[in-house]
1. Going from most exposed to least, what order do Glu194, Glu225 have by accessible area with a 1.4 Å probe?
2. Whole-Hz ³J(HN,Hα) for each residue in the range 226-232, computed from phi via Karplus 6.51 cos²θ - 1.76 cosθ + 1.60 with θ = phi - 60°, x for glycine and proline: what do you get?
3. Using a probe radius of 1.4 Å on heavy atoms only, what accessible surface per residue do you get for the range 4-120? Whole Å² is fine.
4. Using the basic label-point model (7 angstrom from Cα toward the beta carbon), what is the Asp53 to Leu158 distance in nanometres?
5. Could you list, in their original order, any pairs among Lys193/Lys277; Lys114/Lys190; Lys27/Lys186; Lys57/Lys277 whose Cα atoms are separated by more than 32 Å?
6. In terms of modelled amide H atoms, which long-range or inter-chain residues lie less than 5 Å from the amide H of Tyr227?
7. How much accessible surface does Glu182 have with a 1.4 Å probe, in Å² rounded to 10?
8. Between the alpha-carbon centers of the range 60-99 and the range 110-125, tell me the distance in whole angstrom.
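The values are calculated or read from the model by the stated rules, or taken from the named source; none is laboratory data. What you see is a predicted model, and the numbers here were worked out from it, not measured in a lab. Cβ coordinates were reconstructed from backbone atoms using ideal geometry, including for glycine residues, and neighbour counts include every protein chain displayed. Note: areas computed on protein heavy atoms with side chains; ligands, DNA, RNA excluded. Shrake-Rupley method; radii C 1.70, N 1.55, O 1.52, S 1.80 Å.
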Amino acid sequence: MRPAFAVGLVFAGCCSNVIFLELLARKHPGCGNIVTFAQFLFIAVEGFLFEADLGRKRPAIPIRYYAVMVTMFFTVSVVNNYALNLNIAMPLHMIFRSGSLIANMILGIIILKKRYSIFKYTSIALVSVGIFICTFMSAKQVTSQSSSSENDGFQAFLRWLLGIGALTFALLMSARMGIFQETLYKQFGKHSKEALFYNHALPLPGFIFLASDIYDHAVLFNKSELYQVPFIGVTVPIMWFYLLMNVITQYVCIRGVFILTTECASLTVTLVVTLRKFVSLIFSILYFQNPFTLWHWLGTLFVFVGTLMYTEVWNNLGTTKSQLQEDKKN
């Protein structure tokens, strides 16, 4: 029952989170910092109450290691959200972040000296081609949409290029953080809830450097149209409602993934998360009418087929089927 419940949390939380993030970004594309701050603050407070026991519980992993991890995690979160302010459409944002397998493989080869099978190299090649197709077609759209003025079009393209650079940097940094986290878990044991708390609590002072931007967007949120919250009847500015729902769904999403990692194999987790990204992508395209050509669909297909190939899902499904048949015989 718990795995099914976790899958429900992942789909409900993560897909809803993408919806509210896009609602926020469409109205105020530069609101990434206030969104990140709200998410970090909510999870840090929840973790302080229930995981850290109001600060009385000593961490299993020394704080100095968390400091390194937190620096990377904070950077990845801020850069990913800020990329939405650089002409990066939400579908491209989701597709690009699906390229984490590429970054993990590259850094695994360089840092951990890992070697992979031809099958895995082929799957990564598919993911790379898919991301390249989507990125290239999005570049053409940015150029054509801004062609009214040659100077404006060039500036829009430069902003988009900076956004791609930001996403690439965040992708590599996230992969490096994953490797660092993996080595910590091998040394000290797996403490996912503790890591979740410290990853969100320790970076909070860093938001001081973003305080002016956060305050500016808080003022803009206050000026948004009023919205009556269903069932409660309270009237609030609609942007604050979107932000609250984004924070809550983000927490539900993270909790769902956490339960899934403790209840299911890593293959199952990867498949659920990949499928969730695909559903979010389809909904974003259809509901928000984001521009998506046949080439984008082809690139998306390459990304998800490559991801499934990397997890060797077909081999594992075949193994599971033969095990079930063997159990029936016995």
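1. On the way: Glu194 10, Glu225 125 Å².
So the residues, ranked largest to smallest area, are Glu225, Glu194.
2. Here the 3J(HN,Hα) series is 6, 9, 8, 5, x, 6, 7 Hz.
3. Values: 5230 Å² over 117 residues.
Roughly 45 Å² per residue, with all protein chains present.
4. Simple spin-label model gives 5.6 nm for this pair.
5. Values: Lys193/Lys277 23 Å; Lys114/Lys190 22 Å; Lys27/Lys186 44 Å; Lys57/Lys277 35 Å.
Flagged as over cut-off: Lys27/Lys186; Lys57/Lys277.
6. Amide H to amide H, under 5 Å and 5 or more residues apart or across chains, Tyr227 pairs with Val236, Ile238.
7. Here the residue's solvent-accessible area equals roughly 80 Å².
8. 24
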